[in-house]
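Participant: Got a structure here, written out as structure tokens. Questions coming.
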Amino acid sequence: MPSVSANVFVPRTTAEVFDFLADARNLALWSSGVASVDPAYVAPGADARYRYRFPGRHRTHQLVCSDFQPCRRIAFRGQRMWGPLGSQVPVYGFDLFPHADGTLVRLSVNSRLTAALALLAPVVAMAWRRDLPTDGSKFCELLGGVLPAATATVTAVQPAALAPAPAALAPAAATPSPSPVQSAAAAPGGAPVPSGVPNGFDYAH
């Protein structure tokens with residue numbers, strides 16, 4: 001199972017950052033693993049379910065909030081997707097750590113691969129190792145943060161065969177459209193969608 005992570009620092013409180021991440025619709029603004037998310041508002045929380053489209057897939061899949069620890073950690077698990085070589089289940093995780101006058105955020109992606117697709121785990125990991133720093137940069141642009149010099153790192157690969165802050169927030173009418181970023185498993189990209197984030201911290205519309 002490829003597991004890749006990268007760290008970013010944003011000069012915002014953990015509450016603000018968590019509120020932003022808790023609304024899965026915001027993922028489409030910066031994550032290359034989420035092409036779009038249904039604009040319907042879903043109350044953030046454990047087991048919250050969204051309809052989203054994985055890059056390279058024409059039909060929508062379900063995205064579930066699999067871990068919800070306010071101001072500490074949140075994770076979203078994508079629906080199992082099948083292909084000629086096997087299946088994959090993407091998991092997007094975010095760990096928050098209060099640091100100095102802001103928050104250190106660890107962005108991580110885990111791809112659960114099965115059958116012959118698991119043999120491509122090193123390739124999938126390499127693609128995410130390339131793409132995650134770009135995602136981190138987009139995340140920082142939205143929240144006014146800084147991407148550390150260190151790039152994304154692969155923390156595990158187990159093939160089956162071997163067992164400063166912005167002066168002001170963007171106007172409500174602004175709808176940024178990040179450019180697509182390709183990965184080995186699919187062709188990730190991002191697209192802005194409406195959002196309803198608590199505390200007025202809303203970048204998705």
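Participant: Being under 30 Å from ALA115 (Cβ atoms) and out of contact with any Pro (no Cβ under 7 Å at 6 or more places or on another chain) is the requirement here; does ARG72 meet it? Spell out the reasoning first.
Facilitator: Values: under 30 Å from ALA115 (Cβ atoms): no; out of contact with any Pro (no Cβ under 7 Å at 6 or more places or on another chain): yes.
Taking the combined requirement at face value, the residue does not satisfy it.
Participant: Let me ask you something else. Considering each of VAL91, VAL64, VAL109 in turn, give the residue that is surrounded by 21 or more Cβ atoms within 10 Å (Cβ to Cβ) and hydrophobic (A, V, I, L, M, F, W, C).
Facilitator: The conditions single out VAL109.
Participant: Quick test of your reading of the structure: PRO11 fulfils all but one of (1) under 15 Å from the mean Cα position of the chain (by Cα); (2) under 20 Å from THR134 (Cα atoms). Name the failing condition by number.
Facilitator: For PRO11, the failing item is (1).
Participant: Further question on the same structure: Looking at segment 118-125, can you tell me whether even one residue there is in contact with a Phe, Trp or Tyr (Cβ under 8 Å, 6 or more places away or on another chain) and modelled with pLDDT under 90? Walk me through how you get there before you give the answer.
Facilitator: At the first step, the residues of segment 118-125 found to be in contact with a Phe, Trp or Tyr (Cβ under 8 Å, 6 or more places away or on another chain) are none.
There is no residue in segment 118-125 that is in contact with a Phe, Trp or Tyr (Cβ under 8 Å, 6 or more places away or on another chain) and modelled with pLDDT under 90.
Participant: Applying the selection to segment 90-105, what residues are of a type in the set (Asp, Glu) and touching a Ser or Thr at 6+ places or on another chain (Cβ under 9 Å)?
Facilitator: ASP95, the sole residue that qualifies.
Participant: Hey, VAL89 hits all of (1) part of a loop (DSSP other than H, G, I, E, B); (2) more than 17 Å from SER137 (Cα to Cα) but one; which does it fall short on?
Facilitator: Every listed condition holds for VAL89 apart from (1).
The values are calculated or read from the model by the stated rules, or taken from the named source; none is laboratory data. Note that the structure is predicted; figures quoted are calculated from it, not measured. Don't worry about glycine lacking a Cβ; one is built from the backbone with ideal geometry, like all the others, and counts go over all protein chains shown.
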